[in-house]
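Shown next, in structure tokens, is the structure this report addresses.
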Amino acid sequence: MSTAKNQFLSLFSHITRRTRGVGVGKLSTPWFTKPIASAPMNGWSGPKLVAAVANHGGVPIFPIGYFTDPAAILKDLQSILPLLSDNGPQQDDIGDSEEEGAGNKTELLPYAVGFITFWLDRQGPDLLLKILEGQGDLPHPTPSGETTTTGGAKKALRPPAAVWFSFGDYRPYLKLIRQHGAAGTRVIVQVQTVQEAIDAQRDGVDVIVLQGTESGGHGAQRVRPLLSFIPEVVEALQERNKSNGLKVPAILAAGGISLNSQWRAVEALGASGVVVGTGFMPTFESPGAQHAKERILNASDGGDSTVRTRIFDELRDFGWPEGYDGRVVRNLVTDREEEDMKTRSVVEPKGAEAFKVLREDRTGTKEDWKRAVKDQDLDYIPLWAGTGVGLLKKQMSAAEWMDQLLGESEKDK
């Protein structure tokens, strides 16, 4: 796919990789060539999957998630680097580009990092700043094989290509990135409403991820289906581009996307890429447990076999703010929750009433939860997955999955 013709990929065209057989220092094709971002999934998006997606031209998002140990996160980031197919990305001289900060030749690593914004608020910005400084990089050799320049100075550490924010006010961190980030570092923001997309356009973010209700994992409780969400956002952003000159960010679609026909549909509606989570979960490179991968592959009727709920966040005591829940594969816990709500004549609990229903331990769920966490029993612990889970039938590599989604696999040619 031509990166010049794709708005999302063109944002990263300054990150390139060497071509085998050319002279030292020669730069070749852009690193990112496929409009697929792998979602930042705790427990499922490990270094091997991140590297596999990057090596095949996709844009992987490493999950920072519920971090409490910055040193462990930085170590995980450093472990990605030896897995990359090239000995390190190079950044073209962006001095001829129109982007702000042109002329800064800081190299960027071929992945993004994804923060849960409200959790970042609790932990503080130190880890974000360390990542922006390049502390997720390892000392790396110059083309001559040395780790220092000819003048004796150490070669600069490289930050990631982008930073992703979901679920909270990202604006304070946007300021930090602009103050401390390298030129060419992109900002990706996930939104669940048209107004949030408009706000992100006003804030000048580079990429907006439109998360539909079909998405697995966490999202807003009140969120619309993708097929109506995308065109409404596109129209709103284009209107503000015409009236106020505001740049229209690249748009990615997220939620239940598992087939090439779905990619073509969201592309026709105005998305220049997709964010895929569930589709990458059963791949060989994902660190998820094999019995969990098999449960994903054996699921059918994804709209019925998954359900949105807050029960697992209540059981985990992670303190998710009101207004968010998550889509999971149905299990005994979600069945108990539904039955209990019917018994209490609570059809759709909201606000404080929802918390009351879910927090009370009337069914033995809490004790079962403690045992299940120890045993990793998926009848009780969450298996986050989107409605596209019913379309996943075969375990494959991340590269094969990406080619299939884009219609580039051998059988699709």
For region 25-78 and region 268-331, what is the separation of their C-alpha centers, rounded to whole Å? 19 Å
Of the listed pairs 293/370; 34/242; 48/247; 48/393; 293/374, which have alpha-carbon separations greater than 27 Å here? 34/242; 48/247
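Please report 317, 206 as a ranked list, fewest other C-beta atoms within 10 angstrom at the top and most at the bottom. Could you put the intermediate results ahead of the total?
On the way: 317 8, 206 20.
With the fewest neighbours first, 317, 206 line up as 317, 206.
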Whole-Å distance, taken between Cα centres, linking region 180-219 and region 226-262: 11 Å
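Which FRET efficiency value, to the nearest 0.05, is calculated for residue 344 and residue 377 with the Förster distance at 35 angstrom and r the Cβ-Cβ distance?
0.85
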DSSP loop chymotrypsin sites (Phe, Trp or Tyr not before Pro) in region 292-348 with at most 16 other Cβ atoms within 10 Å of their Cβ, which ones? 318
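Would you kindly state how much longer the chain becomes between residue 284 and residue 395 on full extension, computed as 0.36 nm times their sequence separation minus their alpha carbon distance, in nm to one decimal?
Working: separation 111, 0.36 × 111 = 39.96 nm, distance 0.70 nm.
So the chain would gain 39.3 nm between residue 284 and residue 395.
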Based on other C-beta atoms within 10 Å, arrange 107, 367, 133 from fewest to most. 367, 133, 107
Amide H to amide H, which residues 5 or more places from residue 409 or on other chains are under 5 Å from it, using H placed in the peptide plane? 404
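For each of 167, 62, 280, count neighbouring Cβ atoms within 10 Å of the residue's Cβ, then give the residues from fewest to most. Walk me through the numbers before you get to the answer.
Values: 167 21, 62 27, 280 24.
Arranged by neighbour count, lowest to highest, 167, 62, 280 become 167, 280, 62.
Starting from the Cα-Cα distance between residue 241 and residue 71, subtract it from 0.36 nm times their residue separation and give me the gain in nm to one decimal. Before the final figure, lay out the partial values.
Values: separation 170, 0.36 × 170 = 61.20 nm, distance 4.21 nm.
Extra length from residue 241 to residue 71 when fully extended: 57.0 nm.
Read the figures in this text as sums done on the coordinates, not as results from a lab. Everything numeric in this text was worked out from a predicted model, so none of it was measured. Glycine gets a Cβ as well: all are built from the backbone with ideal geometry, and neighbour counts include every protein chain shown.
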